[in-house]
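Visitor: Handing you a structure now.
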Amino acid sequence: MARSRARPGNAAGTGGGTGLRGSIAFRLAVGYALLVAVAMATLSAIVYFGTVGVFERSIDNKITNVEAHLVDAWSIDGRVGLMREIDAQLHDLIDTDTEVVGLVDASGRVLAGNMGRWTGDLPPSGELAFGQMLRGGAPVSVRMVATRLDDGTRLVVGRDLIELDAIRNVVERALGVSAGVSVLLAFFGAQVFRSLLEARIGRIRRTTARIAAGELSSRIVVMGNDEFARLGDDINRMLDRIEALMDGVRHVSNSIAHDLRTPLSRVRSRLDRALQASTDPDALVADARLAIEDIDSVISLFDKLLQIAALESGVRAGTFEKLDLAAIAHDMAELYEAAADEQGVTVRFAGLPTTIRGDRDLLASALASLIDNAIKYGRSGGRVDVAVELADGSPTLTVRDYGPGVPLEDMDKITRRFYRVDQSRHLPGNGLGLSTVAAIAQLHDATLALRRAAPGFEACVTFPPP
């Protein structure tokens with residue numbers, strides 16, 4: 001015999017023995033932290049390139065414009081005009097503290113301008129590049145372009161990057177601080193997120209643990225209207241259904257025990273009497289016949305229970321075919337006319353041909369139960385009506401009697417298995433008729449509606465539109 005193995009962990013917690021890696025709350029919290037980190041990294045990149053990048057492009061545009069202006073001066077007036085424009089450029093009081101302009105011969109000697117000594121070779125002609133240059137006795141980073149002129153000299157135009165470096169340092173420090181703060185916020189936010197998630201899940205698990213321990217009336221406290229609230233509501237509905245089914249099982253068990261006890265007791269006493277009267281063959285045969293009848297009633301009871309179980313499992317749905325509901329109802333009404341006449345009841349049928357899909361034998365069995373109940377319990381009304389009609393396009397079967405009806409407090413219980421109204425317990429029956437009808441209706445995707453008709457009782461089965 002196989003044994004179920006319990007998973008490690010406390011039912012009241014959420015992580016239990018599975019560790020952090022097995023905790024969905026931990027994984028979601030880590031995902032949240034990574035998402036925040038990626039978002040902050042993306043935002044930092046946008047801020048960095050949106051500030052430092054703008055300054056770099058502005059410097060490149062200024063260098064390019066000045067270089068083009070000086071090349072035009074060379075083209076028009078030669079070296080004399082170029083040197084004049086270089087001098088004017090350095091004394092126009094615009095960016096003079098960061099501007100670098102110079103004319104260099106082939107040997108590297110500065111012929112004009114404010115260039116200091118540079119490190120390494122000048123960049124290729126016409127290409128913007130970074131370099132190092134001495135200015136004011138200190139090396140500074142520069143962005144420059146060196147254009148080769150027709151006489152072999154190089155026109156150098158550039159900007160030192162002291163201001164840009166200062167801006168870059170400020171931005172990088174600010175982003176570094178914000179990154180540290182973001183990591184802390186992501187960490188603590190993930191912890192808060194995890195704690196809240198574990199608290200919500202913990203409440204559900206604690207409730208299920210109490211239910212597993214036998215407290216079937218325990219329910220999850222639903223707060224708000226989020227996903228957890230909807231999940232809790234769904235679980236509560238499921239638990240209500242399970243509790244109702246458990247109550248039904250207990251009721252069925254009690255009813256079976258009660259209904260079996262009477263016929264089995266009769267069988268035993270008759271067999272005992274037969275043994276005592278074994279010398280009288282006629283008495284022995286009579287007692288044996290009565291015992292067989294009682295056993296047959298027990299077998300019939302179990303047959304009905306098996307039929308209901310088969311209907312609820314849907315195993316008969318594959319035998320459905322197109323049927324005329326009115327023809328079946330008419331045949332069943334005719335079948336019960338003789339039995340109704342003996343009880344002083346008239347069975348009347350009304351209806352037009354109506355097509356549905358279903359199982360003929362099952363529908364006839366349902367009709368038989370409804371008509372038999374109407375005759376048995378509504379005989380004082382003297383009439384039973386059987387009708388088939390279309391209600392809002394849906395085929396509807398109605399069976400109504402004009403007797404005393406069913407008390408209001410019993411209306412929601414009469415489809416339970418073995419349930420019988422107090423006023424009818426003296427009549428033959430086992431309380432499975434309407435349970436069978438309800439199962440047959442469910443198999444046909446139909447709805448069974450039971451109503452107090454004042455006077456009488458009405459059962460209405462509504463089928464899906466054809």
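Visitor: Quote the accessible area belonging to residue 411 in square angstrom, nearest 10, computed with a 1.4 Å probe and with ligands, DNA and RNA left uncounted.
Guide: Its heavy atoms expose roughly 40 Å² to the probe.
Visitor: Right, something else. Accessible area per residue for region 316-462 in Å², computed with a 1.4 Å probe and the full protein assembly in place, what is it? Can you show the working numbers first?
Guide: On the way: 7090 Å² over 147 residues.
Using a 1.4 Å probe on heavy atoms only, each residue of region 316-462 averages 48 Å².
Visitor: If you count only protein heavy atoms and use a 1.4 Å probe, how large is the accessible surface of residue 91, to the nearest 10 Å²?
Guide: Result for residue 91: roughly 130 Å² accessible.
Visitor: Here is a follow-up. Taking a probe of 1.4 angstrom, what is the accessible area of residue 32 in Å², to the nearest 10?
Guide: Roll a 1.4 Å probe over it and residue 32 shows about 90 Å².
Visitor: Compare 62, 376 by solvent-accessible area with a 1.4 Å probe and give them largest first, with all protein chains kept in place. Please list the in-between numbers first.
Guide: Numbers: 62 90, 376 40 Å².
The most accessible residue leads, giving 62, 376.
Visitor: With a 1.4 Å probe and all protein chains in place, put 328, 242, 211, 167 in order of accessible area, largest first.
Guide: Order by accessible area, largest first: 242, 167, 211, 328.
The values are calculated or read from the model by the stated rules, or taken from the named source; none is laboratory data. Quick caveat: nothing in here was measured; it's all calculated off a predicted structure. These accessible areas exclude ligands, DNA and RNA; they are computed on the full protein's heavy atoms, side chains included. Shrake-Rupley method; radii C 1.70, N 1.55, O 1.52, S 1.80 Å.
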